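Have a look at the structure below, then the notes.
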Amino acid sequence: MLPLETVREFVLDRCPARPPVSVPVADALGLVTASEIISSEAIPQFANTAMDGFAVRSVDVVDAPCELRVVETIAAGHAPQVAVGPGEASRIMTGAIIPPGADAVVMVERTSIVPDGSGDSAAETVRVEASVPPGNHVRPVGDDLHAGAHVFGSGTELTAGHLGVLCSLGMTEVKVFPRLRVGVLSTGDELVDDGSPLRPGQIRDSNRRTLLALAHRADVVPVDLGLAPDDPDRIEAAIATGIDTCDAMVTSGGVSMGDFDYVKAVLDRVGDMRWMQVAIKPAKPLAFGTVGDVPVFGLPGNPVSSMVSFELFARPGLRSMMGHADPVRPTVTATAAEDLPRRADGKTHFMRVLATPTDGGVEVRSAGGQGSHMLWAMAKANALAVVPDGDGVRAGGPVDVLLLD
Ligand code: AMP
Ligand code: MG
């Protein structure tokens, strides 16, 4: 058996980042920048008000309460037409340009309109209740970003906020490592996926939906390659389709020591594969290699094993190909809220657990059955507890956990 870290390094070495491309900002969520982004303009580009209220000359209101003549109403998106002179104010809405002459804004809540009985709103007088310092509620030019600023470095994973900044800067395209297309293939004579009643020995294909979903969450484009029975020709045809249409492939089933585990035989014939026994439980068997230049992850068939194997090997490999410098999920140290028992077997166990935040930390308890076929407990788990070889972790003891999505 090989240590997890050795196998993961082997995988990551063979999953280098793909050449960068330009993509529309609209398609860039979750992708990694391939060059530094410099701001071409200041944000905001003009001094504007942070509040609805009145733009004033701060010197005019030092002795507030006082009254000012309202000379204009300035809405967001519209340029002021007149300057604010001594004894004057302009009614102004959040985000609108500060008019010439004014240097501060009094929020509307600190003002009242003085009735003059004329009903002419163009001739209003406003009463200002409190004095304000210069710059009050004014957002100056470049307050968020100045022109020429280093906005985001190369290697930044683009989140919702990053995309907003790119849009603020007027960018429509961004240079990134491309999103991978990742094919997902299920294999096994026992599998059914059309909703038909099960015949003896048949089960429904759950892995493909799960792995496609994990792929989606890893920010790749999942490609459904369907279901292949335990038939070398059908498996080879499905793999050929995957290699032609995808940047990477994930298969489940057929990589163990069974008589009909043909995925192994086929991949050995068409690709350069490594068959590994990893010192972990679940997910001990792993096939990894390349067909042409397409990395292929041959994951075990048991539903929990395939998910854990995806998390530990495929997800980091795929994210490395998409330019993530740190593709492996970080672990945090939690406290076991109950005993997490196991037997010594030379393997690291990844136990399905529920992690909950506590004052100053995280505590975990078992999510249920720990068999590699027990998908229900895996579905309820939000973390994997990394339980080293030995007899487990006692309640109250520390345990590393890998937080899942
Ligand atoms: P294998 O790795 O092909 O020996 O399969 C190991 C176990 O996982 C067997 O019990 C299979 O029936 C089960 N299995 C394989 N593929 C799937 C799948 N796509 N969905 C659900 N269970 C599966
Ligand atoms: Mg099988």
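What follows draws every value from the coordinates through simple rules; no lab data is involved. Everything numeric in this text was worked out from a predicted model, so none of it was measured. Backbone-built Cβ (ideal geometry, glycine too); neighbour counts: all protein chains shown.
Please compute the length gained on full extension between residue 339 and residue 265, using 0.36 nm multiplied by the number of residues separating them and subtracting their Cα-Cα distance. Kindly include the intermediate steps, with their values, before the conclusion.
Numbers: separation 74, 0.36 × 74 = 26.64 nm, distance 4.19 nm.
Working it through step by step, the gained length comes to 22.4 nm.
Spelling out what I want: for every residue of region 345-355, take phi, set θ = phi - 60°, compute 6.51 cos²θ - 1.76 cosθ + 1.60 (Karplus), and round to whole Hz; glycine and proline get x.
Working through the residues one at a time gives 8, x, 10, 8, 9, 9, 8, 6, 9, 9, 9 Hz.
For 351, 51, what's the fewest-to-most ordering of other Cβ within 10 Å of each Cβ? Display every interim value, and only then the final one.
Working: 351 25, 51 19.
Going from least to most buried by this count: 51, 351.
Between residue 9 and residue 125, what length in nm is gained on full extension when 0.36 nm per residue of separation is reduced by their alpha carbon distance? Walk me through the intermediate numbers first.
Working: separation 116, 0.36 × 116 = 41.76 nm, distance 7.30 nm.
My answer for the length gained is 34.5 nm.
Taking the alpha-carbon centroid of each part, what is the distance from region 16-40 to region 195-273 in angstrom?
Between the Cα centre of region 16-40 and that of region 195-273, the gap is 31 Å.
Mind ordering 35-42, 321-328 by average Cβ neighbours within 10 Å, highest first? List each step's numbers first, then the result.
Details: 35-42: 15.8, 321-328: 18.8.
Put in order of decreasing packing, that is 321-328, 35-42.
Work out the FRET efficiency for residue 27 and residue 359 from their Cβ-Cβ distance, taking R0 = 51 Å, and round it to the nearest 0.05. Can you show the working numbers first?
Working: r = 41 Å, r/R0 = 0.81.
My answer for the efficiency is 0.80.
Considering only the other residues whose Cβ falls under 13 Å of the Cβ of residue 313, what net charge follows from Lys and Arg at +1 and Asp and Glu at -1? The partial results should precede the final answer.
Numbers: positive: 8, 14, 274, 284, 315, 319, 329; negative: 5, 9, 13, 311.
Once all neighbours under 13 Å are counted, the net charge is +3.
In a GNM of the chain with a 10 Å cut-off on Cα contacts, which of 71, 304, 255 has the highest mean-square fluctuation?
Evaluated over the chain, the most mobile residue of the options is 71.
What is the spin-label model distance, in nm, from residue 175 to residue 395 if the labels are put 7 Å beyond Cα along the C-beta direction?
5.8
Quick one: of 175/284; 264/347; 175/281; 175/380, which pairs are farther than 30 Å apart, Cα to Cα? Write down the numbers at each step before the final one.
Values: 175/284 38 Å; 264/347 23 Å; 175/281 40 Å; 175/380 38 Å.
Distance filter (> 30 Å) returns 175/284; 175/281; 175/380.
Could you tell me how far the Cα centroid of region 356-391 sits from the Cα centroid of region 134-194, in Å?
32
Tell me, 131, 118 in order of fewest to most beta-carbon neighbours within 10 Å? Spell out each step's value before the answer.
Values: 131 19, 118 9.
Neighbour counts put them in this order, fewest first: 118, 131.
For the residues 139, 352, what sequence is obtained by ranking on other C-beta atoms within 10 Å, fewest first? Walk me through the numbers before you get to the answer.
Details: 139 20, 352 27.
Sorted ascending by nearby Cβ count, the order is 139, 352.
Out of residues 5 or more away from residue 72 or on other chains, whose amide H comes under 5 Å of its own, with H placed 1.01 Å from N in the peptide plane?
Under 5 Å from the amide H of residue 72: 91.
Based on the Cβ-Cβ distance from residue 221 to residue 63, what FRET efficiency comes out when R0 is 56 Å, to the nearest 0.05? Show your work: numbers first, answer last.
Details: r = 65 Å, r/R0 = 1.17.
That pair, residue 221 with residue 63, gives E of 0.30.
When the convex hull of the Cα atoms of the chain is projected onto a plane and the area is averaged over all directions, what value comes out in nm²? Intermediate values should be presented prior to the final figure.
Numbers: hull surface 114.2 nm².
Mean projected area for the chain: 28.5 nm², to one decimal.
Between residue 154 and residue 403, what is the label-point separation in nm under the 7 Å Cα-to-beta-carbon projection?
Using points 7 Å along Cα→Cβ, the separation is 3.0 nm.
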